[in-house]
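Comments concern the structure below.
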Amino acid sequence: MKLNSLGLPKEQSEELVTELNGLLSNFQIYYQNLRGLHWNIKGKRFFDLHLKFEELYNDSQIKIDLIAERVLTLGGTPLHTFSDYMANSKLKVGKGISKDVEAIQLILDSLSVLLQIERAILTKSNAINDEGTNSMMSDFIAEQEKTNWMLKAWMEEEI
């Protein structure tokens, strides 16, 4: 079995690079959706949601960088074109969304997909003892599960 410079199996690391590039693509679409929600939200909850969407897109921008750097660390090349992102993303593009409930539902749906992808990566990285990827996926999952809980609680509020 060939090992890479990190001491990880080369072939499985290359497979992880592909999976991480898929996650990167999905995060780029998620980020753009959040920017659009931030810019276009309207209504009585504008001030709260405008700030929340900014918080979420700033966080996703950090995660995008971490994913790309992990791809590089594993010896791959991060995807970096919008055509690649669109071709490799499973997320719905949220175009023209300005209503609060629709915006939050888009985020919840997106988080569900991101969590599925991250769990699949975690399973594969765990199988080859890739602690760097394991740690990153575990951190992402924990944060996104909390965000999911908070947004679901918001959706259940009485109007």
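Computed from the coordinates by the stated procedures, all read-outs in this text should not be read as laboratory data. Since we're looking at a predicted model, the values are computed, not measured. Neighbour counts are summed over all protein chains in view; Cβ atoms, including those assigned to glycine, are modelled from backbone coordinates with ideal geometry.
Observations on the model:
- Net length available on complete extension from GLU55 to ALA120 is 20.8 nm, with 0.36 nm assigned per residue and the Cα-Cα distance removed.
- Mean-position separation - Cα centroids, region 123-155 and region 31-48, in angstrom: 25 Å
- In this structure, ALA87 and LEU66 have a Cβ-Cβ separation that, at R0 = 22 Å, corresponds to a calculated FRET efficiency of about 0.50.
- Helix axis angle, 46-73 relative to the chain longest principal axis, alpha carbon, degrees: 10 degrees
- Region 96-159: GluC sites (Glu not before Pro) in DSSP loop, at most 11 other beta carbons within 10 Å: GLU156, GLU157, GLU158
- Sequence-separation-based contact order of region 17-96, relative, with Cα cut under 8 Å and 6+ spacing, percent: 51 percent
- For HIS80, HIS38, the sequence from fewest to most other C-beta atoms within 10 Å is HIS80, HIS38.
- Sorted by Cβ density within 10 Å, fewest first, the residues MET1, MET150, MET136: MET1, MET150, MET136
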